[in-house]
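The values are calculated or read from the model by the stated rules, or taken from the named source; none is laboratory data. These numbers come from a predicted model, not from an experiment. Methodologically, a virtual Cβ is constructed for each residue, glycine included, from the backbone with ideal geometry; neighbour enumeration extends over all protein chains shown. Protein only, heavy atoms only, side chains kept; ligands, DNA and RNA dropped before computing areas. Shrake-Rupley method; radii C 1.70, N 1.55, O 1.52, S 1.80 Å.
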Amino acid sequence: MSDAPSPPAGERPIVVAANRLPVMRTEEGWAPSPGGLVRALLPMLRATGGTWVGWTGDFDDAAEPFTVDDVDLHPVPISAKEVELYYEGFSNDGLWPLYHDALRESTYDSEQWDAYVAVNERFAITLANIAPPGAMVWIHDYQLQLVPQMLRKQRTDVTIGFFLHIPFPPLELFSRLPWRDEVIEGLLGCDLIGFQRPMGAANFISCSRQFLDVDEFDRVIENVDHRTHVGVFPISIDVAEVEETAAGRATRQRTSQIRTRLGDPEVVLLGVDRLDYTKGIGLRLRAFAALLESGELDPRRHVLVQVATPTREAVEHYQDERREIERLVGAINGRYSSIGLPVVHYLYQTLPFDELIALYRAGDVMLVTPFRDGMNLVAKEYSAAHIDGDGVLVLSEFAGAADELTDAVLVNPHDDLALQQAIVTAVEMHRHERRTRMAALRDQIRKSDVQGWADRFLAALAAAGGTSP
Ligand code: ADQ
């Protein structure tokens with residue numbers, strides 16, 4: 001415990017906590033994981049001498065702190081049993097479906113909850129032990145919602161921020177959670193909580209009022225002796241990195257090679273998602289099949305590439321979803337493909353970043369049709385990759401990205417006829433309209449990249465710290 005005075009904001013050390021450390025094992029040792037979040041936060045940690053706290057991904061890994069690219073990493077050990085109960089169980093089979101419109105039934109299990117509490121406590125203890133005096137601690141996502149209050153009880157000198165990457169559900173759904181009071185109380189240990197959309201912030205405020213009877217005015221919650229600011233910070237991507245990769249010669253060559261391998265179709269439709277039931281992959285396949293059946297799409301002119309990243313394979317809802325998607329792909333190909341020319345190209349794989357960007361460039365129409373999504377970075381990456389100024393984005397209204405990307409073809413994915421119509425609109429869109437819309441999408445994305453997002457969050461966090469009575 002430290003009572004040392006806080007250094008001024010801007011010079012304050014930052015400690016990030018997330019379920020996973022931002023690194024992966026390679027043959028040469030540890031390397032930074034791909035992704036905009038890691039690229040945005042690592043330079044900041046390097047500059048402030050900060051630390052990232054998280055799990056290495058190996059069971060029971062009680063490794064000593066280590067350094068990658070001059071950033072200090074502090075492992076939190078998690079056992080195989082805890083991964084099953086805290087991560088696959090409570091986080092991904094309890095909270096994940098509940099926070100995504102209860103699209104699947106949640107498991108509420110007290111043994112899983114106990115593991116969630118235990119792992120959150122371990123993170124809080126680690127943070128309390130290592131955070132320098134007056135540090136800003138930035139905790140990420142639904143796996144760690146209890147950490148803020150647990151940490152505040154041990155360290156009053158640090159400023160605590162939390163960002164929820166997924167939606168926060170409405171009161172009617174959140175009320176189902178047997179440990180709803182504990183989760184709200186956990187989060188109210190923060191000085192600042194950030195959400196992707198205004199809706200998430202509003203839902204959290206109404207749940208806090210309902211279950212903890214707190215006062216709130218102008219997105220500031222008063223809870224006994226502490227003030228929590230609530231804000232909206234839509235996350236973004238590393239625009240420059242996507243644009244540079246998209247402009248590279250290797251990418252251009254790969255893009256034209258991909259189109260040739262697909263049989264030089266007139267229109268390449270594309271889907272890129274983790275294989276998650278929230279992403280609406282099945283829905284999209286059914287809409288594509290219906291349009292082939294009605295003749296509005298032609299298998300010789302229109303092909304669909306669907307990349308589905310393996311994810312959470314130990315969770316039953318994910319196994320069911322994979323079976324259903326693979327059954328649909330098989331059925332569509334069986335009916336509409338010809339020898340050597342499948343109409344759906346399905347990859348159940350994690351791809352290198354360059355390959356993903358080449359695919360984005362090869363896609364004339366990008367289908368992003370989640371039932372519910374915190375933001376959806378694929379929609380932003382696709383638009384940023386289209387440096388040629390062409391391409392059409394079909395985007396679900398239920399993705400956070402729809403608040404900003406209003407020049408996409410927006411669609412309610414629950415309405416199957418509307419989804420089919422949106423696909424036809426995208427495929428038939430006149431070149432002039434395509435280019436106008438894509439220019440507007442790209443302007444919008446350039447205005448707020450992931451570095452700006454992190455800067456805005458940290459500035460708001462610094463301002464929120466010390467405002468409690
Ligand atoms: P996710 O649900 O994982 O993220 P998304 O925002 O689309 O969804 O991010 C996926 C990332 O994985 C993208 O950067 C994409 O490039 C990458 N990716 C997808 N498929 C891939 C593949 N086959 N190979 C390699 N990379 C692949 C959660 C929330 C989102 C929120 C983000 C960030 O669910 O709503 O936008 O966090 O806050």
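Multiply the residue separation of Val232 and Glu266 by 0.36 nm, subtract the distance between their alpha-carbon atoms, and state the gained length in nm to one decimal.
Values: separation 34, 0.36 × 34 = 12.24 nm, distance 4.06 nm.
Extra length available between Val232 and Glu266 comes to 8.2 nm.
Kindly express, to the nearest 10 degrees and within the range 0 to 90, the angle between helix 416-428's C-alpha long axis and the longest C-alpha principal axis of the chain.
So the helix axis and the longest Cα principal axis differ by about 70 degrees.
At a Förster radius of 35 Å, what calculated FRET efficiency corresponds to the Cβ-Cβ distance of Asp388 and Leu341, to the nearest 0.05? Could you put the intermediate results ahead of the total?
Working: r = 25 Å, r/R0 = 0.73.
Efficiency computed from Cβ-Cβ geometry: 0.85.
All other residues with a Cβ under 12 Å from the Cβ of Asp114 taken together, and with Lys, Arg as +1 and Asp, Glu as -1, what is their net charge?
Working: positive: Lys81; negative: Glu82, Asp109, Glu111, Glu121, Glu182.
Summing Lys and Arg as +1 and Asp and Glu as -1 gives -4.
Check the straight Cα-Cα distances from Lys447 and name the lysines below 16 Å, setting aside those fewer than 8 residues away within the same chain.
Lys380
Cα centroids of the stretch 212-226 and the stretch 390-421: how far apart, whole angstrom?
Cα centres, the stretch 212-226 to the stretch 390-421: 36 Å.
Using the alpha-carbon centroid of each, what span in Å lies between the stretch 114-177 and the stretch 33-68?
Measuring centre to centre over Cα atoms gives 17 Å.
On a 0 to 90 degree scale, rounded to 10, what angle separates helix 281-294 from the longest Cα axis of the chain?
Once rounded, the angle reads 20 degrees.
Where the Cα atoms of the stretch 399-448 are projected onto their three principal axes, how long is each span, largest first, in whole Å?
Projected onto the principal axes, the Cα atoms of the stretch 399-448 cover 34, 27, 9 Å.
Share of the chain's accessible area from carbon and sulfur, percent, 1.4 Å? Please list the in-between numbers first.
Numbers: 9400 of 19030 Å².
C and S atoms contribute 49 percent here.
Using helices alone, what [θ] at 222 nm do you get for the chain, with -39,500 (n - 2.57) per DSSP H run of 4 or more residues, divided over all residues and rounded to the nearest 500? Don't skip to the answer; put the middle values down first.
On the way: 16 runs with 194 residues, N = 469.
One gets -13000 deg cm²/dmol as the mean residue ellipticity at 222 nm.
I need the Kirkwood Rh of the stretch 36-187: take the reciprocal of the average 1/r across all distinct C-alpha pairs and report it in angstrom. Before the final figure, lay out the partial values.
Numbers: mean 1/r = 0.0613 Å⁻¹.
Taking the inverse mean of 1/r over all distinct Cα pairs, the stretch 36-187 comes out at 16.3 Å.
Stretch Thr107-Arg219 to full length: gain in nm at 0.36 nm per residue minus the Cα-Cα span? Provide the component values of the computation, followed by the final result.
Values: separation 112, 0.36 × 112 = 40.32 nm, distance 3.15 nm.
Extra length from Thr107 to Arg219 when fully extended: 37.2 nm.
State whether the stretch 240-321 is rounded, prolate or oblate according to the following rule on the C-alpha gyration tensor (a ≥ b ≥ c being the square roots of its eigenvalues): a/c under 1.5 gives rounded; otherwise a/b larger than b/c gives prolate, and the remaining case gives oblate. Don't jump to the answer; show the numbers that get you there.
Numbers: a/c = 2.69, a/b = 1.15, b/c = 2.33.
Cα axes put the stretch 240-321 in the oblate bin.
Label-point separation (nm) for Glu172 and Thr350, each offset 7 Å from Cα along Cα-to-Cβ?
Modelled inter-label distance: 3.8 nm.
Does a label point 7 Å from the Cα of Asp157, set along Cα-to-beta-carbon, have any residues of the stretch 182-198 with amide nitrogen under 19 Å, and which are they?
Inside the label zone: 191.
At 7 Å along Cα-to-Cβ for each site, give me the label-to-label distance between Glu64 and Arg274 in nm.
3.3 nm
Find how many whole Å separate the alpha carbon centroid of the stretch 428-469 from the alpha carbon centroid of the stretch 285-349.
Each part's Cα centre sits 33 Å from the other's.
How large is log10 of I(q)/I(0) for the stretch 215-368 at q = 0.12, 0.13, 0.14 Å⁻¹ when the intensity is taken from the Debye formula with one equal scatterer per alpha-carbon?
-0.62, -0.70, -0.77
Just the accessible area per residue of the chain, please: how many Å² with a 1.4 Å probe? Mind showing how you got there, number by number?
Numbers: 19030 Å² over 469 residues.
Per residue, the chain has 41 Å² of solvent-accessible surface.
Hey, if you drop one equal point scatterer on each alpha-carbon of the stretch 376-469 and run the Debye formula without solvent, what base-10 log of I(q)/I(0) do you get at q = 0.24, 0.25 Å⁻¹?
The Debye formula, applied to the Cα set alone, gives -1.22, -1.28.
Taking all pairs of distinct Cα atoms, average 1/r, flip it, and tell me the Kirkwood hydrodynamic radius of the chain in Å to one decimal place.
Values: mean 1/r = 0.0429 Å⁻¹.
Answer for the chain: a Kirkwood hydrodynamic radius of 23.3 Å.
According to the Kirkwood expression over distinct Cα-Cα pairs, how big is the hydrodynamic radius of the stretch 71-145, in Å? Intermediate results must be reported in sequence, preceding the final value.
Working: mean 1/r = 0.0740 Å⁻¹.
Result for the stretch 71-145 stands at 13.5 Å.
Give a residue-ordered list of calculated ³J(HN,Hα) values for the stretch 83-95 (Karplus: 6.51 cos²θ - 1.76 cosθ + 1.60, θ = phi - 60°; whole Hz; x for Gly, Pro).
4, 5, 8, 7, 8, 5, x, 4, 5, 9, 10, x, 5
Counting alpha carbon pairs within less than 8 Å and at least 6 residues apart, what relative contact order, in whole percent, applies to the chain? All intermediate terms of the calculation are to be shown ahead of the outcome.
On the way: 910 pairs, mean separation 65.6, N = 469.
With pairs under 8 Å counted, the relative contact order is 14 percent.
Provide the net charge surrounding Leu417, with neighbours chosen by a C-beta distance below 13 Å and charges set as Lys +1, Arg +1, Asp -1, Glu -1. Don't skip to the end; give the middle numbers.
On the way: positive: Arg286; negative: Glu296, Asp415, Asp416.
Net charge around Leu417: -2.
Can you tell me the orientation of helix 249-261 relative to the chain, as the angle in degrees between its alpha-carbon axis and the longest Cα principal axis, to the nearest 10?
Helix 249-261 and the main axis of the chain meet at about 50 degrees.
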